[in-house]
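Single-structure report; data block below.
The values are calculated or read from the model by the stated rules, or taken from the named source; none is laboratory data. Everything quoted here is computed from the prediction, not taken from an experiment. All Cβ positions, even for glycine, are placed from backbone atoms using ideal geometry, and neighbour counts span all protein chains on display. Areas reflect the complete protein model, heavy atoms only, side chains present, ligands, DNA and RNA absent. Shrake-Rupley method; radii C 1.70, N 1.55, O 1.52, S 1.80 Å.
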Amino acid sequence: MLVTVAIAFGFLAASAAPASAHSAAGVSATNYLTRLERVTPEVPGVKMRVVESGSRFEVVNTTDQELVVIGYQEEPYLRIGPGGVFENRRSPATYVNASRRGTSTVPGSADPEAAPVWKKISDGDVARWHDHRIHWMGDRDPPAVRRAPDRRHVVIPEWTIAMRIGERDIEARGDLLWVPGPSAGPWLALAVVLLAGVTALALTRAWGRWLAVVTGALVIADVVHVVGTGFAEAGSVGTKIASVAGSSLFSVIVWIAGAVAVWMLARRRPEGLYAAAFAGVFIALLGGVADLGDLSHSQVPFAWGDTLARVLVGVSLGAGLGVLGAAVVGLRRSNETGRTSATATAAVAKGD
């Protein structure tokens, strides 16, 4: 009964969480690759890069001059300089760039022809924004991609972001590619092997110790998964840590449950099976099922490489369901042992 409750709670939590539990700034795995090819002219003290799998563009200006980013209608959009970062409240780009999908409402006060109204948004020298010139904005993939999704395509041959620093014009140029992802087959096979192997642990004599080891390893894998995804976001280490801490409530709960399971199982206490079942199903859902896209997409938002991210998804899915299966088998064996002992006790008492 308690295992059923754990499973139900896990599904409920999964439905309440974001579509992908492990995503960098809300960006999940994709096959679109945004590249920054060149900045002309290069200015000492000005650095640019594409961040978060093409979701945002970053500019750092450590010079003593202000750098102005030009919006979609050739209006001043951002100012980055010694005084901080400012956005032009009259620029339509300010509102369009507020989200990755560009669905924010543009107020009537936005007018690219009007004099800028600057609002300070940061004291720093770095700005990051969703520049829709650098990533695919369509609801459907381009026709060429739909016709041949297993081939590499150039989706945008050249995108350009115009800027100005002092009296100099600067242009950042790059392209957008479609890069097919790998087959998910090997990683799903890994999950199946782990599922079968971990479930079989319940049939061994030392089931408690073995299941404690696997549950502990599963929790550690999920910690690495969550932190590695959070650290794929742009920003300082402190910002990344705060982001991970703020978005990991469900994960912290399951890690605690996993730790309790390890402690109990190591002492062969059957109650630990309930905590293990809860931890297993939760990690399988949020670290495995919700992140299946990582297995078949080429661009994965993970700080320490696509391969490790895929390994962690396979481990979360296979070992997580395996821990659940082992817990169910263990509970059945425990109940059968309890019934046998009760029957034997009753028989002895009747004989007396």
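Check the range 268-287 and report whether any residue there is under 13 Å from the mean Cα position of the chain (by Cα) and within 30 Å of Trp136 (Cβ to Cβ).
Yes, the range 268-287 contains a residue that is under 13 Å from the mean Cα position of the chain (by Cα) and within 30 Å of Trp136 (Cβ to Cβ).
What do you reckon, is Phe231 aromatic (Phe, Trp, Tyr), within 30 Å of Leu177 (Cβ to Cβ) and out of contact with any Pro (no Cβ under 7 Å at 6 or more places or on another chain)?
Considered against the rule, which asks whether it is aromatic (Phe, Trp, Tyr), within 30 Å of Leu177 (Cβ to Cβ) and out of contact with any Pro (no Cβ under 7 Å at 6 or more places or on another chain), Phe231 comes out as yes.
Are any of the residues in the range 239-249 of a type in the set (A, V, I, L, M, F, W, C), touching a Leu at 6+ places or on another chain (Cβ under 9 Å) and under 23 Å from Ala275 (Cβ atoms)?
no
Could you say which residue among Val154, Val117, Val126, Val145 is of a type in the set (A, V, I, L, M, F, W, C) and in contact with a His (Cβ under 6 Å, 6 or more places away or on another chain)?
Only one candidate qualifies: Val145.
Could you please find all residues in the range 52-76 being in a strand (DSSP E or B), open to solvent by 10 Å² or more (accessible area, probe 1.4 Å) and either farther than 13 Å from Arg133 by Cα or modelled with pLDDT under 95 (or both)?
Passing the criteria: Glu58, Val60, Val68, Pro76.
Does Asp150 meet the test of being open to solvent by 40 Å² or more (accessible area, probe 1.4 Å) and of a type in the set (Asp, Glu)?
yes
Go through the range 153-181 and give me each residue that's modelled with pLDDT of 95 or more, open to solvent by less than 90 Å² (accessible area, probe 1.4 Å), under 17 Å from Pro41 (Cβ atoms) and not β-branched (Val, Ile, Thr).
Residues satisfying the conditions are Ala162, Met163, Glu171, Ala172, Arg173, Gly174.
With respect to the numbered conditions (1) crowded, with 17+ Cβ neighbours inside 10 Å; (2) in a loop (DSSP other than H, G, I, E, B), which one is the sole condition not fulfilled by Ser104?
The one condition Ser104 does not meet is (1).
If only one of Leu211, Leu218, Leu195, Leu203 is open to solvent by less than 50 Å² (accessible area, probe 1.4 Å) and over 22 Å from the mean Cα position of the chain (by Cα), which one is it?
Result: Leu211 is the single residue among Leu211, Leu218, Leu195, Leu203 that is open to solvent by less than 50 Å² (accessible area, probe 1.4 Å) and over 22 Å from the mean Cα position of the chain (by Cα).
Restricting to the range 256-277, and then to whatever is open to solvent by less than 30 Å² (accessible area, probe 1.4 Å) and among the hydrophobic types (A, V, I, L, M, F, W, C), can you tell me which residue is nearest to Arg209 (Cα to Cα)?
Here the answer is Leu265.
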